[in-house]
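The values are calculated or read from the model by the stated rules, or taken from the named source; none is laboratory data. Keep in mind the model is a prediction, meaning the values are calculated, not measured. Counting neighbours? That spans all protein chains shown, and the Cβs are built from the backbone with ideal geometry, glycine included.
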Amino acid sequence: MNKTKFTPISSIGEFELINKITTPAKINNKSTKMGVGDDAAILEFDKKCQQLISTDMLVEGVHFDCAYSPLKHVGYKAVVSSISDICAMNGQATHILISLAIPNKYSVELITSLYDGIHLACKNYNLDLIGGDTTASPNELIINVTILGTGDKKRVVCRSAANPTDLLITTGNLGAAYLGLQILEREKMIFEKNNQSQPPLDEYAYILERQLKPEPRVDIITWLKENNIIPSSMIDISDGLGSEAIHLATSSEVGIKIFEERIPISEHTHKTAKELSVDPLLCALHGGEDYELLFTLPIKYHKKVVGVSDIHIIGHVTAQKNVVELIKESGESINLTKEGWDSFLKQQE
């Protein structure tokens with residue numbers, strides 16, 4: 001008797017699963033200019049403007065923990081993390097749909113609090129909430145976000161057009177969101193042992209905000225447009241710098257060199273990493289949820305970006321296909337692998 005062999009999803013991870021189930025997909029409509037494989041799909045119904053569409057899902061216990069994540073913050077973060085996907089295409093988010101699967105343990109007041117955050121994000125970023133769906137869930141709250149945006153056809157940016165000698169640039173600073181999560185997890189463990197304890201969180205305000213209430217880099221997209229600069233490739237940093245750099249290299253069939261001393265890491269991150277005996281570099285490379293932008297620029301733009309606040313040149317593109325190297329301060333070269341956030345692998349641990 002033949003026995004069917006079943007492969008655990010955790011053995012291949014999220015991105016290999018996505019490749020496996022989407023590879024057979026064929027484009028049947030001329031309006032589809034980009035399907036699976038980028039931060040958003042691209043549809044074209046107009047010669048000048050393209051429609052950008054992305055979707056994301058947050059699951060209680062996987063992406064957020066209500067023990068320390070206020071539902072208003074969860075709602076806000078659900079929206080802004082999706083806006084970040086549209087930013088990564090060099091576009092502007094315009095409309096959003098929210099679908100929920102709600103367990104019985106949630107009251108009307110709790111769901112209203114969730115939507116307070118959703119409405120605040122829509123107000124702050126000029127989005128229209130235009131629909132969604134609700135259904136029951138047996139155990140956990142599930143939030144599905146579908147976001148729509150627009151982009152000038154000549155300015156929409158994908159992951160796949162980086163060229164050798166391009167500059168590699170990141171915005172903001174990296175690693176803080178991951179450490180914010182570590183502090184929250186630590187304080188949760190302490191509280192579970194002693195529910196009378198009051199966590200001293202004031203000194204961690206910056207990294208906690210980066211974890212609980214991130215902001216998409218709409219300002220950078222505006223700056224690029226005002227300065228008539230179009231990246232050759234771009235992605236948002238949701239799974240860690242290393243993982244996103246690999247996505248750019250793989251999609252563009254190029255190599256990337258990242259220089260350790262140029263990776264922007266805040267003083268707050270350094271201080272907390274030292275307290276927790278964690279390497280801040282690893283937090284930046286593999287932590288995730290920073291929602292900064294990682295992009296490549298032709299070297300002709302070098303003078304325009306040098307010295308600009310929150311824009312950091314951290315490396316360059318090479319002709320060595322699909323090789324992402326971290327160049328240590330000592331000069332040692334280390335090949336980076338995909339060790340960023342993967343929900344299927346995290347569940348296995």
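Just to be sure I understand, how many residues within region 187-203 are out of contact with any Leu (no Cβ under 8 Å at 6 or more places or on another chain) and closer than 21 Å to E267 by Cα? Break it down stepwise before answering.
Our first condition is that a residue be out of contact with any Leu (no Cβ under 8 Å at 6 or more places or on another chain); within region 187-203, this holds for 188-200, 202-203.
Pick out the ones that are also closer than 21 Å to E267 by Cα and you get 200, 202-203.
Within region 187-203, residues that are out of contact with any Leu (no Cβ under 8 Å at 6 or more places or on another chain) and closer than 21 Å to E267 by Cα number 3.
Tell me the residue from L114, L179 that is assigned by TED's automatic domain parsing to the domain that holds I299, surrounded by 21 or more Cβ atoms within 10 Å (Cβ to Cβ) and in contact with a helix residue (DSSP H, G or I) (Cβ under 6 Å, 6 or more places away or on another chain), please.
Of L114, L179, the one residue that is assigned by TED's automatic domain parsing to the domain that holds I299, surrounded by 21 or more Cβ atoms within 10 Å (Cβ to Cβ) and in contact with a helix residue (DSSP H, G or I) (Cβ under 6 Å, 6 or more places away or on another chain) is L179.
With region 128-211 as the region, which strands (runs of 3 or more DSSP E) entirely inside it contain at least 1 residues that are of a type in the set (S, T, Y), within 30 Å of A319 (Cβ to Cβ) and modelled with pLDDT of 95 or more?
Those strands (runs of 3 or more DSSP E) span 167-171.
Quick check on region 102-116. Is at least one of its residues touching a Phe, Trp or Tyr at 6+ places or on another chain (Cβ under 9 Å) and either modelled with pLDDT of 95 or more or under 30 Å from E187 (Cβ atoms) (or both)?
yes
Name the single residue, out of those in region 218-247 being of a type in the set (A, V, I, L, M, F, W, C) and more than 16 Å from the chain's Cα centre (by Cα), that is farthest from S81 (Cα to Cα).
Per the stated criteria, the residue is I229.
Checking the structure you have, find out if any residue of region 203-219 is among the hydroxyl-bearing types (S, T, Y), assigned by TED's automatic domain parsing to the domain that holds S330 and surrounded by 15 or more Cβ atoms within 10 Å (Cβ to Cβ).
Yes, region 203-219 contains at least one residue that is among the hydroxyl-bearing types (S, T, Y), assigned by TED's automatic domain parsing to the domain that holds S330 and surrounded by 15 or more Cβ atoms within 10 Å (Cβ to Cβ).
Taking region 275-288 only, how many residues are surrounded by fewer than 16 Cβ atoms within 10 Å (Cβ to Cβ) and either hydrophobic (A, V, I, L, M, F, W, C) or in contact with a helix residue (DSSP H, G or I) (Cβ under 8 Å, 6 or more places away or on another chain) (or both)?
3
Pick out the one residue from G91, G75, G37 that is assigned by TED's automatic domain parsing to the domain that holds I118 and on the phi > 0 side of the Ramachandran plot.
G37
Which residue out of L293, L285, L336 is under 22 Å from the mean Cα position of the chain (by Cα) and at pLDDT below 95?
Exactly one of L293, L285, L336 is under 22 Å from the mean Cα position of the chain (by Cα) and at pLDDT below 95, namely L336.
For region 48-67, indicate whether the set of residues that are assigned to a loop (DSSP other than H, G, I, E, B), more than 24 Å from Q211 (Cα to Cα) and not assigned by TED's automatic domain parsing to the domain that holds E192 is non-empty.
Yes, the conditions are met somewhere in region 48-67.
Any residue that is surrounded by fewer than 13 Cβ atoms within 10 Å (Cβ to Cβ), more than 30 Å from I111 (Cβ to Cβ), touching a residue at least 24 places away in the same chain (Cβ under 8 Å) and of a type in the set (D, E, K, R) - is there at least one of those in region 24-45?
No: region 24-45 contains no residue that is surrounded by fewer than 13 Cβ atoms within 10 Å (Cβ to Cβ), more than 30 Å from I111 (Cβ to Cβ), touching a residue at least 24 places away in the same chain (Cβ under 8 Å) and of a type in the set (D, E, K, R).
Those residues that are free of Cβ contacts under 8 Å to residues at least 60 places away in the same chain, among the β-branched types (V, I, T) and in contact with a strand residue (DSSP E or B) (Cβ under 9 Å, 6 or more places away or on another chain), I need them from region 112-162; list them, please.
Result: I118, I130, T134, T135.
Listed residues I83, I147, I98, I130; which is farther than 28 Å from A67 by Cα, among the hydrophobic types (A, V, I, L, M, F, W, C) and not assigned by TED's automatic domain parsing to the domain that holds E209?
On the way: I83 fails: farther than 28 Å from A67 by Cα; I147 fails: farther than 28 Å from A67 by Cα; I98 fails: farther than 28 Å from A67 by Cα.
It is I130.
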